[in-house]
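Enquirer: Structure in structure tokens, see below.
The values are calculated or read from the model by the stated rules, or taken from the named source; none is laboratory data. Because the structure is predicted, anything quoted here is derived from the model rather than measured. Every residue, glycine among them, receives a Cβ derived from its backbone with ideal geometry; neighbour counts consider all protein chains shown.
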Amino acid sequence: MSSPRKLHIKSYGCQMNVYDAQRMVDTLAPEGFVETDSVGDADLVILNTCHIREKASEKVYSELGRLRVAREEAATHGRDMNVVVAGCVAQAEGDEIIRRAPVVDVVVGPQSYHNLPQLLARARNEGRAIDTEFPVEDKFTLLPQPKPEMIRARGVSAFVTVQEGCDKFCTFCVVPYTRGAEVSRPVARILDDVQRLTENGVREITLIGQNVNAYHGDGPDGQTWSLGRLLYRLAEIPGVARIRYSTSHPRDVDDDLIAAHRDLPELMPFVHLPVQSGSDRILAAMNRKHTADDYHRVIERFRSARQDIAFSSDFIVGFPGETEEDFKATLALVRQIGYAGAYSFKYSPRPGTPAADMQEMVAPATMDERLARLQELIDSQQHAFNRAAIGTTVDVLFERAARNEGQIVGRTAYLQPAHVMASEDIIGQVLPVTLDSLERYSLLGRLVTAAPPARTSFASATTGA
Ligand code: 5AD
Ligand code: SF4
């Protein structure tokens, strides 16, 4: 019998890539592959690339340079190491990668991971293989289901892809080109996935998609279901303690979604809702299809449904043509909304996107300065938000043993890490915790161990058994 082959996956970028990496492991497990943390003893290395960040492809080529050395090193020990490039850079620049990097055996786009075993076989016979097609069939049905022990090993919180791709065509963004047109998975398949996850210990489901609230999947009743309707159904599944979804577009927030936030205690009151800029002129140039006022109105609808709701966002500074006045409008919007956290990026052109042809580039020094000012404001809001938790008692879903001896770490509704001293039995449960202090981004607290009546008054409907 041959010993298992070792697989190392290096993932960059978004949650979708983390999820896809797990699906690649599930696809290769029947081929005899087991995961390893080390590149050095891997028989197969997969770079799961991201095209969003600046100089994404250059980073891939320098990583491939390192892998060439690792492969030569393996060869001196009589071992071969295969190299696969997956993800959005593979999709966007597949042919170029094959041309420039002889170390690469297989290039595979995000729509084709189910073909990995065949592609590896083809590479063995023919030297190289590339697959960056957008297939017509639902790639999700072609991917194998994870084994129960795999689900358990991945912990209490799991991602479930409900849609992929985007039809919005923001002028700076590559997603519509790399992930393709918006496609929603049928409701029944999502329910099956969630059922399987909860049967194997998962308590928190994060529905993911590039434009998740554009979800419009075929329902079992022959109707098209919105994200909101799907959320109501998921909340009925026994074992589902918490539900989240990411990433949303402000234009696609409908009344079902708002109602779900009003009615479902399982739906966490923390929404990632990127706005990108506070200037209407820039929002129009970005083709965001909403104004700053539209965004404020969406935020108000969420807030009137659930008062404790908090928001995070993405921002781009230095979009072509952005003036100091435009940038100040972004700062003003951040001040008005008050975020629990946000990501901010300097604009950088992506080949093939409309913004890449725009002329009025903002000077690099100006971009740096604006980014620093925006990040300072966001950091101060995040810090204030985290500090406000001190002294309160909140539900925490416990995930794993912490690095510090005896501590268990979990997350609050707002994804803040919270540490308590407790036994590992509490992993997988949602329990009330009194938060005492904040260390950088982590909260320290203690389990509420009051007499049963006090405890039930804290415990929400999401509390574990
Ligand atoms: N330049 C800078 N930031 C970008 N993002 C997407 N494309 C670009 C780009 N060309 C940011 C957006 C998006 C996040 C995932 O990445 O803010 O919401
Ligand atoms: Fe990209 Fe998001 Fe705009 Fe779609 S909505 S094009 S994923 S930034």
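Enquirer: Taking interchain pairs and intrachain pairs at least six residues apart, which have beta carbon atoms under 7 angstrom, with the first residue in the stretch 160-175 and touching a residue at least 12 places away in the same chain (Cβ under 8 Å) and assigned to a loop (DSSP other than H, G, I, E, B) and the second more than 11 Å from ligand 1 (Cβ to nearest atom) and of a type in the set (S, T, Y)?
Expert: As it stands, the answer is V162/S184; V162/Y215, since those pairs meet every condition given.
Enquirer: While we're here: Of the numbered conditions (1) within 16 Å of ligand 2 (Cβ to nearest atom); (2) farther than 20 Å from A158 by Cα, E63 satisfies every one except a single condition; which is it?
Expert: Failing condition for E63: (1).
Enquirer: Would you say Y19 is among the aromatic types (F, W, Y) and closer than 23 Å to T353 by Cβ?
Expert: On the way: among the aromatic types (F, W, Y): yes; closer than 23 Å to T353 by Cβ: no.
Considered against the rule, which asks whether it is among the aromatic types (F, W, Y) and closer than 23 Å to T353 by Cβ, Y19 comes out as no.
Enquirer: Also: From the list T224, T178, exactly one residue is touching a Gly at 6+ places or on another chain (Cβ under 9 Å), surrounded by fewer than 20 Cβ atoms within 10 Å (Cβ to Cβ), among the hydroxyl-bearing types (S, T, Y) and farther than 28 Å from E399 by Cα. Which is it? Show your work before the answer.
Expert: Numbers: T178 fails: surrounded by fewer than 20 Cβ atoms within 10 Å (Cβ to Cβ).
After ruling out the rest, the residue left standing is T224.
Enquirer: Looking at the stretch 138-146, is at least one residue in contact (Cβ under 8 Å) with a residue 60 or more places away in the chain, among the hydroxyl-bearing types (S, T, Y) and not in a loop (DSSP other than H, G, I, E, B)?
Expert: Of the residues in the stretch 138-146, the ones in contact (Cβ under 8 Å) with a residue 60 or more places away in the chain are 143-146.
Still in the list and also among the hydroxyl-bearing types (S, T, Y): none.
No, the stretch 138-146 has no match at all.
Enquirer: If I ask for residues that are more than 15 Å from ligand 1 (Cβ to nearest atom), free of Cβ contacts under 8 Å to residues at least 40 places away in the same chain and of a type in the set (D, E), which ones from the stretch 314-371 would you list?
Expert: E324, E369
Enquirer: Working only within the stretch 212-248, note down all residues that are of a type outside the set (G, A, S), assigned to a helix (DSSP H, G or I) and more than 16 Å from ligand 2 (Cβ to nearest atom).
Expert: First, the residues of the stretch 212-248 that are of a type outside the set (G, A, S): 212-213, 215-216, 218, 220-221, 223-225, 227, 229-234, 236-238, 240, 242-245, 247.
Remaining after also requiring assigned to a helix (DSSP H, G or I): 212-213, 227, 229-234.
Those that are of a type outside the set (G, A, S), assigned to a helix (DSSP H, G or I) and more than 16 Å from ligand 2 (Cβ to nearest atom): R229, L230, L231, Y232, R233, L234.
Enquirer: Please indicate, with yes or no, whether at least one residue in the stretch 364-381 is among the hydroxyl-bearing types (S, T, Y), over 30 Å from K55 (Cα atoms) and away from ligand 2 (no atom under 16 Å from the Cβ). Walk me through it before giving the result.
Expert: We begin by selecting, within the stretch 364-381, every residue among the hydroxyl-bearing types (S, T, Y); these are 366, 380.
Imposing the further condition that a residue be over 30 Å from K55 (Cα atoms) reduces the set to none.
No, because not a single residue in the stretch 364-381 is among the hydroxyl-bearing types (S, T, Y), over 30 Å from K55 (Cα atoms) and away from ligand 2 (no atom under 16 Å from the Cβ).
Enquirer: Kindly provide the set of residues from the stretch 10-57 that are touching an Asp or Glu at 6+ places or on another chain (Cβ under 7 Å), aliphatic (A, V, I, L, M) and either in a helix (DSSP H, G or I) or farther than 15 Å from V89 by Cα (or both), ordered by number.
Expert: Matches in the stretch 10-57: V25 only.
Enquirer: To continue, here is another question. Being more than 9 Å from ligand 2 (Cβ to nearest atom), surrounded by fewer than 22 Cβ atoms within 10 Å (Cβ to Cβ), among the basic types (K, R) and within 21 Å of T224 (Cα to Cα): is that true of R189 here?
Expert: Values: more than 9 Å from ligand 2 (Cβ to nearest atom): yes; surrounded by fewer than 22 Cβ atoms within 10 Å (Cβ to Cβ): yes; among the basic types (K, R): yes; within 21 Å of T224 (Cα to Cα): yes.
The answer is yes for R189.
Enquirer: Considering only residues that are of a type outside the set (A, V, I, L, M) and in contact with a helix residue (DSSP H, G or I) (Cβ under 9 Å, 6 or more places away or on another chain), look in the stretch 228-246 and name the one that is nearest to T198 (Cα to Cα). Talk me through it step by step, then tell me what you get.
Expert: To start, the set of residues in the stretch 228-246 that are of a type outside the set (A, V, I, L, M) comprises 228-229, 232-233, 236, 238-239, 242, 244-246.
The next check asks that each one be in contact with a helix residue (DSSP H, G or I) (Cβ under 9 Å, 6 or more places away or on another chain); those that pass are 228-229, 232-233, 238-239, 245-246.
Details: G228: 20, R229: 20, Y232: 16, R233: 14, P238: 8, G239: 6, Y245: 17, S246: 20 Å.
Looking at residues that are of a type outside the set (A, V, I, L, M) and in contact with a helix residue (DSSP H, G or I) (Cβ under 9 Å, 6 or more places away or on another chain), I get G239.
Enquirer: If you don't mind, there's one more thing I want to ask. Please verify whether Q223 is away from ligand 1 (no atom under 16 Å from the Cβ), under 23 Å from R251 (Cβ atoms), assigned by TED's automatic domain parsing to the domain that holds I237 and over 18 Å from the mean Cα position of the chain (by Cα), treating the condition exactly as stated.
Expert: yes
Enquirer: For the stretch 193-204, check the following and say yes or no: at least one residue is under 24 Å from Q111 (Cα atoms) and within 16 Å of ligand 2 (Cβ to nearest atom). Quick ask: steps written out before the conclusion?
Expert: Step one: of the stretch 193-204, the residues under 24 Å from Q111 (Cα atoms) are 193-194, 196-197.
Checking the rest, the ones that are also within 16 Å of ligand 2 (Cβ to nearest atom) come to none.
Looking for residues that are under 24 Å from Q111 (Cα atoms) and within 16 Å of ligand 2 (Cβ to nearest atom), one finds none in the stretch 193-204, hence no.
Enquirer: Does Y215 satisfy the condition of being away from ligand 1 (no atom under 16 Å from the Cβ), within 26 Å of A92 (Cα to Cα) and among the aromatic types (F, W, Y)?
Expert: Details: away from ligand 1 (no atom under 16 Å from the Cβ): yes; within 26 Å of A92 (Cα to Cα): yes; among the aromatic types (F, W, Y): yes.
Yes.
Enquirer: Looking at A90, A74, A123, which one is buried (at least 20 other Cβ atoms within 10 Å of the Cβ) and either assigned to a helix (DSSP H, G or I) or at pLDDT 90 or above (or both)? Break it down into steps so the answer makes sense when it comes.
Expert: Values: A74 fails: buried (at least 20 other Cβ atoms within 10 Å of the Cβ); A123 fails: buried (at least 20 other Cβ atoms within 10 Å of the Cβ).
So the residue among A90, A74, A123 that is buried (at least 20 other Cβ atoms within 10 Å of the Cβ) and either assigned to a helix (DSSP H, G or I) or at pLDDT 90 or above (or both) is A90.
Enquirer: For the stretch 161-196, which positions are away from ligand 1 (no atom under 16 Å from the Cβ) and among the hydrophobic types (A, V, I, L, M, F, W, C)?
Expert: V162, A181, V183, V187, A188, I190, L191, V194
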